[in-house]
Amino acid sequence: MTNTEETIVALATPAGAGAIGVIRLSGPDAISIANSVFKGKDLTKQQSHTIHFGSVIDGNLSLDEVLMALFIAPRSYTKENVVEISCHGSTYIIESIIKLLIKQGARSAKAGEFTLRAFLNGQLDLSQAEAVADLIAANSKASQQVALQQLRGGFSNQLQILREQLVQFASLIELELDFAEEDVEFANRDQLKKLIFEINKVIVALIQSFELGNVIKNGVNTVIAGRPNAGKSTLLNALLNEERAIVSHIPGTTRDTIEEVLNINGINFRLIDTAGIREATDAIEKIGVERTMEKIAQSSLLVYIYDADQLTDEELEADIASLQRPGVTMLIVANKADLLSDQTKEAFLQSATLFISAKDKTHIDDLKSKIYHSAVKNQLDGNETLITNIRHLEALQRTEESLSRVLSGIDSVTSDFLSMDIKQALHYLGEITGVVTTDDLLDNIFSKFCIGK
Ligand code: GDP
């Protein structure tokens, strides 16, 4: 998957013109290859963590004036010799320098190959390597915080400790297998039960944290729906009021649509394909219209808005009943509060229904707070461990399954079956941190990285 005898090279900064570009070399010959094209000092005689100014030359031709930063193994990101060349950010210069380095013996890095080497050389565990990708992709404060926490190893440390405790039990049970004829019990079943309960508690909490972790990492798909003239567009504008200048249009990640992103306290609420929603909800009287329903089914939050001055209670009930979907939280918002009589307003206050005026922008903050709390049920204190990765979720779920098999068999099955179930749980736990890996798994993870990472 990566031959660490080879020295790899790639642009580490985004492609395209910029003030500077950083080209990264990693591998045993990184320093000698960089030195072979460098006019300035002899790089092979310099210390680690130093920066050197000079020119990159191709024969007699000077390509650029650059800074070369040296990191001598193992004190680098990949734990190999690394040189980072900061050159001027012209596509032509960058390409010429990379071509030259390849001519001198380096090879183009594959996607994620730098981080793969960091993992293989023990610099990062697997969940930390994945956190690097998340950190680079982070587009909100909350997602950056979660990725950073994972990168620091918070959650793999926790799993590692659990795994070690389980390993101890596994070896005691193995020991019992060796003495099978004598019918001895080295592994105290009550203690084992206690440990498994304890481990399960942590695992279940991690599994449950995925919902929030996923919300933080990927945002919340949100649909605003309601009858024509309920005030959907006006509400959208009111909600996006301040953000518009900062995040106006973010290209959709799943389809080629434009999404409006509403950021509330660091969480991104993606208002999906709003043009489509507007169009589709025009037919909301004929509820059951497939497209609207499809959009709602794909979202986790539905903000249903109605004209409180016009809609009858029966119509309201009918709308609500037909829009409800399992797994989709519905927020009901009465609009056009400004048109209501004081008496009706009072009735609303009593009923705890959220009523706003999208036009006058009243109670928009209350609505935002409700939207936020629909996704973030408990206060975030910034220290909790959240999982955000579907691969981790699956491994944790499988761990939980094998642990419950251990529990249900603990008093009845023989040591060899117990041992098998415990081993399986250990395997799945190990998959998360990378103690247990396969080439396919690594390929799958690192191929999702960009080249240069
Ligand atoms: P949509 O069809 O659901 O997108 O509704 P619009 O946002 O286009 O609003 C329909 C009409 O209702 C427009 O004339 C808006 O100005 C008006 N409107 C929206 N919100 C309010 C509100 O809170 N109070 C009042 N009085 N009018 C509103």
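Quick check on region 218-238: of everything there that is buried (at least 23 other Cβ atoms within 10 Å of the Cβ) and more than 8 Å from the ligand (Cβ to nearest atom), which residue is farthest from the chain's Cα centre (by Cα)?
Filtering region 218-238 for residues that are buried (at least 23 other Cβ atoms within 10 Å of the Cβ) and more than 8 Å from the ligand (Cβ to nearest atom), the one farthest from the chain's Cα centre (by Cα) comes out as A225.
Is there a residue in region 129-137 that is open to solvent by less than 10 Å² (accessible area, probe 1.4 Å), more than 16 Å from the ligand (Cβ to nearest atom), without any contact (Cβ under 8 Å) to a residue 24 or more places away in the chain and in a helix (DSSP H, G or I)? Reasoning before the result, please.
Our first condition is that a residue be open to solvent by less than 10 Å² (accessible area, probe 1.4 Å); within region 129-137, this holds for 129, 131.
Those still in the list that are more than 16 Å from the ligand (Cβ to nearest atom) too: 129, 131.
Within this subset, residues satisfying the condition of being without any contact (Cβ under 8 Å) to a residue 24 or more places away in the chain are 131.
Those left that are additionally in a helix (DSSP H, G or I): 131.
Yes.
Filter region 59-79 down to the residues that are assigned to a loop (DSSP other than H, G, I, E, B), open to solvent by 50 Å² or more (accessible area, probe 1.4 Å) and among the polar types (S, T, N, Q) and list them by number.
N60
For L302, state whether it is over 32 Å from the mean Cα position of the chain (by Cα), surrounded by 15 or more Cβ atoms within 10 Å (Cβ to Cβ), within 15 Å of the ligand (Cβ to nearest atom) and at pLDDT 50 or above.
On the way: over 32 Å from the mean Cα position of the chain (by Cα): no; surrounded by 15 or more Cβ atoms within 10 Å (Cβ to Cβ): yes; within 15 Å of the ligand (Cβ to nearest atom): yes; at pLDDT 50 or above: yes.
Criteria not met by L302.
Collect the residues in region 336-368 that are open to solvent by 60 Å² or more (accessible area, probe 1.4 Å), part of a loop (DSSP other than H, G, I, E, B), more than 7 Å from the ligand (Cβ to nearest atom) and modelled with pLDDT of 85 or more, keeping them in residue-number order.
Correct list: K361, H363.
The values are calculated or read from the model by the stated rules, or taken from the named source; none is laboratory data. Worth saying up front: this structure is predicted, and the values here are computed from it rather than measured. Glycine also receives a Cβ, built like all others from the backbone with ideal geometry; neighbour counts cover every protein chain displayed. SASA here: full protein model, heavy atoms, side chains in, ligands and nucleic acids out. Shrake-Rupley method; radii C 1.70, N 1.55, O 1.52, S 1.80 Å.
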